[in-house]
Amino acid sequence: PRMTGGLKGLLLLSLCLVVWTVPIDRNQDPPHEERAEENVDTGLYYDRYLREVIEVLETDPHFREKLQTANTDDIKNGRLSKELDLVGHHVRTRLDELKRQEVSRLRMLLKAKLDSTNMDHVSLLKQFEHLDPHNQNTFEAKDLELLIVTATKDLENYDAERHEEFKRYEMLKEHERREYLKSLDQEKRENEEKRIEELKEKHRQHPKVNAPGSVDQLREVWKETDGLDPQEFNPKTFFNLHDANGDGVLDEQELEALFTKELEKVYDPKNEEDDMMEMEEERLRMREHVMQNVDLSRDRLVSLEEFLKSMEKKEFNNPKEWETLDDTKPVYTEEELQRFEAELRDREVELGRRAEQLRQEQELLKERSKALEAQKREYQQVKDCFQLVFQDVQNNLPAEPPQNLPQHTS
């Protein structure tokens, strides 16, 4: 598919740098005419460098024109990077400056982390894949290619990392629950376990959750969010309403915004039994479900054609009720939890060892400080003694007689 939206096409298709969707308000002007945009942090450690490079490239008319006619493959295989040689001198100068700043930032990080190493900076910089470490002063086509390839690869793993982070969060929560129960006597433990089960049951009591991307789910958004008659549901109009930045595709954030109504059926930040971290995991699961069934080109975007084609599927008109996290098996096994708890114990032992080492070092510093203070006092005493002796010698020296002046004869 061809890209639209200039540099935003690059952000969306190859880098997934997208603008956060603003809610549809029927009392305001259409979102295509005037909209507030806020950049979503990609979570990459070179996020700022990536954004600044994109912003500078966007100022060059030639590069922007080439981008508008490029497709996903042109970006990923590096053909677009070769156009860097044709951008204006002021753009190249600014890119050179950005790269030098990034190299300087990475050097500072390395120095803080590996201050005792004898390796040279070029060798250390090789571990960073988003720039060419052999040329640290100028931004070349290879730098743009490496930046695109690395960001694409890193962002493709982003969802998996979010799932793994959520798993660790759930295991830590369960670990803390078990440890807390162990600290209670039998009666209090039984009361607490009963309370926890009541909260879980209360959380399960919620309205039916429509499968994301189904006709029921979209009609509910059409009615509740857009304020339109569900009997007059029009897929093309719906698509355009929720293409908040008007670039002709629904990106991942625009899709996730569609699931808010469904998530509100299950999660309320005011309720003790509702975990907002679980809500965000649920949102991610919903988006992955829609992308798996609708995003035929696998470019992490949904075009109008793909959106309309998804409505021809049987699952669209006859969907099953969505299974929330409570309806599915736990995100971790008991074996994984045991390994996680072993890691926590090892980390606790290591922290204890490190704390003891720091305590001993502190005691050693105190002893050295005392020794230095003693040496300082001793030095001062010797100094004072020498001053007294010197003063006494000065006071006892005999006065020298005046020298006879030479006599002049006439």
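The values are calculated or read from the model by the stated rules, or taken from the named source; none is laboratory data. Everything numeric in this text was worked out from a predicted model, so none of it was measured. Positions of Cβ are backbone-derived with ideal geometry, glycine not excepted, and every protein chain shown enters the neighbour counts. For the accessible areas, the whole protein counts, side chains as well, though only heavy atoms, and no ligand, DNA or RNA atoms are used. Shrake-Rupley method; radii C 1.70, N 1.55, O 1.52, S 1.80 Å.
Values computed for the structure shown
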read-out	value
Heavy-atom accessible area order for 108, 286, 311, largest first, 1.4 Å probe	108, 311, 286
Residue-level accessible surface for residue 183, protein heavy atoms, 1.4 Å, Å²	80
Accessible-area order (highest first, 1.4 angstrom probe) of the listed residues 324, 59	59, 324
Accessible area (Å², per residue) of region 298-360, counting only protein heavy atoms and a probe of 1.4 Å	74
Accessible area of residue 63 in the full protein assembly, 1.4 Å probe (Å², nearest 10)	0
20 Å cut-off, amide nitrogen to a point 7 angstrom out along residue 231 Cα→Cβ, residues in region 280-312	none
Accessible area (Å², 1.4 Å probe, nearest 10) - residue 66	80
Distance histogram for region 210-364 (every C-alpha pair counted, 5 angstrom bins, percent rounded to whole numbers)	2, 8, 14, 16, 15, 10, 8, 6, 5, 5, 4, 3, 2, 1, 1, 0
Top positive-direction residue, dipole computed over region 204-332 with Cβ charges, set 245, 235, 324	235
Too-long pairs where the Cα-Cα distance tops 32 Å, listed order kept, from 82/236; 173/208; 153/208; 270/309	82/236; 153/208; 270/309
Residue-normalised accessible area of region 164-210, expressed per residue, 1.4 Å probe, Å²	74
Ranked order, 383, 320, 265, 182 - accessible area, probe 1.4 Å, largest first	320, 182, 383, 265
Sparse-neighbour loop sites [GluC sites (Glu not before Pro); region 289-385; at most 13 other C-beta within 10 Å; DSSP]	312, 321, 323
